[in-house]
Amino acid sequence: MKSSASTDLASPTDTLTAIAPLTFRRLRLDDKGLPSQVLGGRGVGTAPDALQTPLMAPEGAFFDAWSSGAELREHQHGCVRYVTDGHWLHGRAVIDESRLGMQASAQHVYADLFAVLAENECSHLLRVWNYFAGINAEIGGTERYRQFNAGRQQAFIEAQHSAFDGSPAACALGMHGGPLTVSFLAGRQSPIAIENPRQISAYRYPDTYGPRAPTFSRAAVADVGGGRSVLFISGTASIVGHESIHLGDIRRQTEESLANIAAVRGAAETRSGLAFPAGEMIYTVYVRYAEDLPVVREVFERSVGADSSAAREAIYLNADVCRAELLVEIEAHGFAHTRSTI
């Protein structure tokens, strides 16, 4: 069975120094629109083709751009449009699930995603972003998020990719409308899957959370070339063990989410030997109720440092979280130097 994880970072002889390194920029867009020469990314706010998750702060249009500077080729397979330079690949799958239903649609999207990976040398998932409307709504007596989990896991199993240990870093958020949208980033080397010592791995949740567990790891560390590695932290909420805590308390849920992120960063540092300072990470904060934004922002900025680049670069989106009782979810990524590039 294929796995998205490895036990160690690539050795110096296997690192990605001979290729254009993968880079990230959170761009504030102007009237010129989307940037050129990017693998792909995510638009928010007033950006063209932005997610239907309102941008609460800061105002404007932003695009989270992944690029390498190398020559790009664009392709389509089924519902997936993707761009690759032969070393990195960014794809975006979009499907209207109203015809097939959520479970079958999720399975279909991921089947097309895995078909793309199978026909490319960029066959290792590094990070996945899942978005769809009505994430907590029930259809036929089953929550849509649980239906999504069932379809996603089945696609992993059928493609012989690990749905458990070594599954990719990911998030799943509820948009205010629009189709099921799955974006993903892939490369030629497998990342290191990271778990949170304060939590049960999501793929080992008891069946009280649905017949199929969520298929993701808490984080992943990947070599991105140029002597750097990236830590991808999955969507992180106020969960300890497998239980949601601090119900109804937005301040304490935000604090608990940040405590979990700190635990993941610590686990990643132990596993990889690399440091990912909190104040240098790039964060996206999802807040269920817009009126909670001031409290969430105050707690977040106090945690990462009000004058840090993390506080300046963070974006806050109005979105639903995968459990109805959870009020906030935070994702992040950051880079570390693995060796001298001189």
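Coordinate-derived values only; no laboratory data. Keep in mind that what you see is a predicted model, and the values were worked out from it rather than measured. When we count neighbours, we look across all protein chains shown, and the Cβ atoms used for this are built from the backbone with ideal geometry, even at glycine.
Worth pointing out:
- GNM flexibility winner over the chain from CYS322, CYS79, CYS171 (Cα, springs under 10 Å): CYS79
- Sorting 323-331, 33-41 by average packing, meaning the other beta carbons within 10 Å per residue, from highest down gives 323-331, 33-41.
- Dividing the helix sum by the residues of the chain, where each DSSP H run of 4 or more adds -39500 (n - 2.57), gives a mean residue ellipticity at 222 nm of -7000 deg cm²/dmol.
- Prolate/oblate/rounded label for region 48-160 (Cα gyration tensor, a/c 1.5): oblate
- Distances between every pair of Cα atoms in the chain, grouped in 10 Å steps from 0 to the bin holding the largest one, split as 6, 27, 38, 25, 5, 0 percent.
- Backbone phi angles across region 178-191, fed through the Karplus curve with coefficients 6.51, -1.76 and 1.60 (θ = phi - 60°), yield HN-Hα couplings of x, x, 4, 10, 10, 10, 8, 10, 9, x, 8, 10, 6, x Hz in residue order; Gly and Pro are listed as x.
- Region 278-342: chymotrypsin sites (Phe, Trp or Tyr not before Pro) falling in loop per DSSP and having at most 14 other Cβ within 10 Å: TYR289
- Fluctuation leader among GLY266, GLY225, GLY69 - the chain, Gaussian network, Cα springs under 10 angstrom: GLY69
- Gyration tensor verdict on region 205-298 (Cα atoms; rounded if a/c is under 1.5, prolate if a/b is larger than b/c, oblate otherwise): oblate
- Separation of alpha-carbon centers, region 45-113 and region 300-336, rounded to whole Å: 21
- Overall form of region 132-264 per C-alpha gyration tensor (a/c, 1.5; a/b vs b/c): oblate
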